[in-house]
Every structure is written in C-alpha cells, then in structure tokens.
1. Determine ³J(HN,Hα), in whole Hz, for all residues of the range 95-112 in sequence, where each value follows from phi through the Karplus function 6.51 cos²θ - 1.76 cosθ + 1.60 and θ = phi - 60°; x replaces Gly and Pro.
2. What net charge is computed for the residues neighbouring Gly53, neighbours being all others with C-beta under 14 Å from the C-beta of Gly53, Lys and Arg scored +1, Asp and Glu -1?
3. On a C-alpha basis, how far is the centre of the range 174-219 from the centre of the range 57-108 in Å? Whole number, if you could?
4. Which residues in the range 164-187 place their backbone N less than 18 Å from a point set 7 Å from the Cα of Ser76 along the Cα-to-Cβ direction?
5. I need the peptides 121-134, 192-205, 158-171, 67-80 ranked by packing, meaning the mean over residues of other C-beta atoms within 10 angstrom, with the highest value on top.
6. Going 7 Å from the Cα of Val227 toward and past its Cβ, which residues in the range 99-137 have a backbone nitrogen under 16 Å from where you end up?
7. Count the net charge of all other residues whose Cβ sits under 12 Å from the Cβ of Gly173, scoring Lys and Arg as +1 and Asp and Glu as -1.
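Read-outs throughout are calculated quantities, based only on the coordinates presented, and are distinct from any laboratory measurement. Only a predicted model underlies this, so the values are computations on that prediction, with no experimental measurement involved. Please note: Cβ atoms are built from the backbone with ideal geometry, for glycine as well, and neighbour counts cover all protein chains shown.
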Amino acid sequence: MLAGASGALVHVLAGRSGAAGGSNSRPPRRITVVQPTRNRARTPALPVCAGLGPVAGALAKAADESGLRWAADLGSYPAAWVLAVALLGGAAPTVRVAAARTAVFFAAMSVAYYAWAALVLGFGWNRLLVAWLLLSATAVPAVAAAVQWATRRPGPLPGALLAGAAGIVLAGGAVLTDAAAHPVQAVADVVAAALLAAVLPRDGRTRLWAVVLLAPATWLAGRGLAVLAALLG
C-alpha cells in the first residue's frame, strides 16, 4: 500500500517536472517501483503433527502387541518419544511453536495408543490416558520449548537443559538397567542421548556442557521418573 502510494507520487512529480521544463526538456525517466513480496506458503505444522500423532500411537501399540521384544521396547521406553519431542521442538522457529507442535503431537499419539488398545484389541479404556494427556499439556511442551531455546544458545544453562533431556532417555531406558536383556533398546538409548547432548546443540560450548553434565542430569532424571512412576502407579 505504501509502495503503491510512493509510486503514484513519483509519477506525479515526474509529470510536473516534465511540464515545467517545456517542450525542449528531456522526457522524464520511467521509474518502476518494485514491491517486496513475502512467501506466505508455510507448512501447516499443527495439522501435520496432529496427523502424525495417531500414526505414532497406533504403531507403538502394535509394537507392544507384536511379540517382538525389541519392537515392544522401542514403543515403551522413553528414548524414541523424548527424541521425537526434541526434534519437533528443535525444528520449530520459536519456543511457543515448539510447545504447541509437541503438545498436539503427543496428545494425538496418546489418544491413538489407548484407542487402539480399546477399540481394536478390546482391552477397554485405560485411566492412564488422562495422565498422558496431562503430560501432553505440561511436561512435554516444556521439554520441547527448553530444547528449542537451548539448541540455539551457548553456555552452561542450555547445556544443562539438553543434558536433562538426554538424562531422561538414559535413566528411563535399558542401557543402565539391563542392557544384556534389551540390546536393541540399549543401543537406541545411547544413540538418542548422543543426539540430544552432542548433535542438536549448535554451539560447541553448549555441546561440551551437555556432555559434562550428562551424568548428574541422568541421576536427577532417575529420581524424577521414580516419582512419576509412583504417581501413575
């Protein structure tokens, strides 16, 4: 709108200058005003997350009932889910978007997981769905927002936040408890923790702090997961 008004003003002034100069004056140069354009085409992230959530939930429940221990482990242990939340959060442009995307994804995933159990497998609805929906509205978006903020900043605090996410993976996984009985999950735990602590940070100092703080963060995460298990149980 402003660019159009500017173009009209330039045209009027050019015409006046030509008229004032008489017939011997040079014709005014034509000035073309190029208006900046903005690409408004954006990926509908929230609908995509809402669509991916049910797919992930159905696959997780199918893996639980597949009879394959490694598949059931991947769907049950936190490594895959923490990594999914971290990747969604880290890819978001802002903290608010990170929280919204992951909340929608995790809520849709939780509903699909328990709906598959109730409607397809005939297990009935489980009261734990309420707990997971509460987590989808609180802890899950908080982790995603923390990852989005931490991956873009240097220093010990961002490193501590990423170490905390990796600590959840290790404390709740199989690598520190019974790796021999769950070898696939143990490898998944190590890979997910390495990605969170050593790959996602964009600054070398943040990466170093995340690795250094990984051990105490794992211990703290273990205590928190024990409290959560007691509440859910």
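1. Calculated HN-Hα couplings, in order: 4, 5, 5, 4, 5, 5, 4, 6, 4, 5, 4, 5, 5, 5, 5, 5, 4, 5 Hz.
2. Details: positive: Lys61, Arg101; negative: none.
With Lys, Arg at +1 and Asp, Glu at -1, the neighbours total +2.
3. 17 Å
4. Counting only backbone N, you get 169-187.
5. Working: 121-134: 12.7, 192-205: 19.5, 158-171: 26.3, 67-80: 17.9.
Listed from highest to lowest mean packing, they are 158-171, 192-205, 67-80, 121-134.
6. 135
7. Surrounding charge for Gly173 is -3.
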